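Visitor: A single structure is presented below for examination.
Nothing in this text is a laboratory measurement; each read-out follows from the coordinates by a stated rule. Keep in mind the model is a prediction, meaning the values are calculated, not measured. Cβ placement follows ideal geometry from the backbone for every residue including glycine, while neighbour counts extend to all protein chains displayed.
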Amino acid sequence: MHFSRPEADIFVPAGGDAATALARTTHLCVIAHQDDIEINAWPAVAACYGRTDRFFTGVVVTNGAGSPRTGPYANYTDDQMKLVRVEEQREAARIGKYNLQLQLAHPSADVKRPGHPGVLADLKAIFSACRPEIVYLHQPLDKHDTHVGVMLRSLEAIRALPKAQRPKRVLGVEAWRGLDWLLDDEKVPMDCGDNTELALRLIQVFKSQVVGGKRYDIASIGRRQSNATFHASHATDTFTQVAWALDLTPLVQDETLSIKDFALDRVDRLRADTANRLSKLT
C-alpha cells in the first residue's frame with residue numbers, strides 16, 4: 001500500500017498486512033486531524049471495540065503541523081509537532097484496538113484545493129479498496145475550513161467510484177460546530193454512553209493538545225452529555241451521552257446534488273421552523 005506523500009504513515013495495531021486490514025473495514029472514518037477521530041467520531045470506535053465482526057479504520061488526512069501549542073509544546077516547530085502527533089495517533093489506535101490507522105500527511109493547504117491530485121488519488125485508493133458499512137466524515141456546516149475541505153475531497157473521491165462501489169451510509173459528525181440546532185428529524189443520534197473511561201483515555205493520549213492548551217477531554221464529554229439532556233424538553237433522557245450526525249448519504253447516492261444547497265437547506269429549515277413558532281405565539 002502506497003500513498004502520494006513519502007511521510008504517510010500506515011499502522012496496523014494488531015500486525016499483519018495493511019491491504020487486508022483495509023479490505024475488511026466495516027466502519028471507516030476519514031477526518032482532518034490527529035485527535036478528530038477520538039473527539040468527534042468516538043461512536044465509530046466504540047461500535048467496533050472488542051468486536052470480532054466489526055473493524056474500525058481511521059484515516060487522518062493532514063499532517064498536524066498547524067496545531068496551537070502552549071506549555072511544554074510552546075517552542076516546538078511544525079516538524080516536531082508533526083512527529084509528536086503521528087505517534088499520538090498511533091498510540092490511540094493501539095489503545096482503541098483499531099483495525100488500521102492511516103495518516104496521509106497532506107498539508108492543510110492541499111486539502112483545501114478542489115481536485116488536488118495527491119489528495120484525490122489517496123482517498124480514491126482508500127475508498128476503492130474497502131466496502132464499509134458506514135463512513136464517518138466531517139459535515140458541511142462545520143466552521144473549520146480544513147474539516148470542510150477534507151469532507152469535500154472525500155465526497156469527490158466517493159463520487160468518482162461506480163455507484164455500486166459507493167458506501168451505503170455516510171454520516172457527517174460534529175466538530176467545530178455542533179449539530180444540536182438541526183431539526184429533530186434531521187439529527188442522527190449516535191449513543192456515546194458506554195465505556196466513558198476508554199473514550200476519555202483516548203482523548204487524553206493527545207497530550208500535545210490537551211496539555212498544550214485545548215481541554216478537548218472535558219469539552220467533548222460535556223458536549224455529549226449536554227446533547228443528551230437538551231434533546232427533548234418534555235421527555236426524560238434517552239441517552240446519557242449522545243453525539244449528533246448529519247446523514248450525508250444523499251450526496252453519495254446522487255452526485256448531481258449540490259453540497260452547498262444541501263447544507264443551506266438545513267439552515268433554511270431552521271429558519272422556517274423559527275419563523276413558524278414565533279408567528280404562532282405572537
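Visitor: Give me the distance between the Cα centres of region 80-141 and region 220-282, rounded to whole Å.
Guide: Cα centroid of region 80-141 versus Cα centroid of region 220-282: 26 Å apart.
Visitor: Something else about it: Order these peptides, 82-91, 177-186, by their mean beta-carbon neighbour count within 10 angstrom, highest first.
Guide: 82-91, 177-186
Visitor: Oh, and also: Work out the FRET efficiency for Arg51 and Asp268 from their Cβ-Cβ distance, taking R0 = 35 Å, and round it to the nearest 0.05.
Guide: Values: r = 40 Å, r/R0 = 1.13.
Calculated transfer efficiency: 0.30.
Visitor: Another question about this same structure. Once the Cα gyration tensor of region 32-109 is diagonalised, what are the square roots of 5 times its eigenvalues, in whole Å and ordered largest first, as equivalent ellipsoid semi-axes? Before the final figure, lay out each step's value.
Guide: On the way: eigenvalues 130, 30, 20 Å².
Taking √(5λ) for each Cα gyration eigenvalue gives 26, 12, 10 Å.
Visitor: Per the helix-only calculation at 222 nm, which mean residue ellipticity applies to the chain, given -39500 (n - 2.57) for every DSSP H run of n ≥ 4 and division by its residues, nearest 500 deg cm²/dmol?
Guide: Counting only the DSSP helices, I get -13000 deg cm²/dmol.
Visitor: Return a whole-number percent for the relative contact order of region 9-257, with Cα pairs under 8 Å and 6 or more residues apart as the contact set.
Guide: 24 percent
Visitor: Here's another thing I want to ask about it. Any idea what diffusion coefficient region 198-282 gets from Stokes-Einstein, in µm²/s, Kirkwood Rh on alpha carbon pairs, 25 °C, 0.890 mPa s?
Guide: Values: Rh = 16.5 Å.
After rounding, the answer is 149 µm²/s.
Visitor: I'd like the distance separating the alpha-carbon centroids of region 38-66 and region 179-200, in whole Å.
Guide: Between the Cα centres of region 38-66 and region 179-200 lies a distance of 15 Å.
Visitor: Which three extents, in angstrom, do the Cα atoms of the chain have along their principal axes, listed largest first?
Guide: 62, 45, 39
Visitor: Right, here's the next one. Over the C-alpha atoms of region 78-222, what are the Rg and the largest Cα-to-Cα span, Dmax, in Å?
Guide: For region 78-222, the Cα-based Rg and Dmax read 16.3, 45 Å.
Visitor: Going by the alpha-carbon gyration tensor, a ≥ b ≥ c the square roots of its eigenvalues, is region 110-174 rounded (a/c under 1.5) or, if a/c is not under 1.5, prolate (a/b greater than b/c) versus oblate?
Guide: Because a/c hits 1.5 or more and a/b fails to exceed b/c, region 110-174 counts as oblate.
Visitor: Working out 0.36 nm times the residue gap between Glu197 and Arg169, then minus their Cα-Cα distance, what length gain in nm do you get to one decimal?
Guide: 7.2 nm
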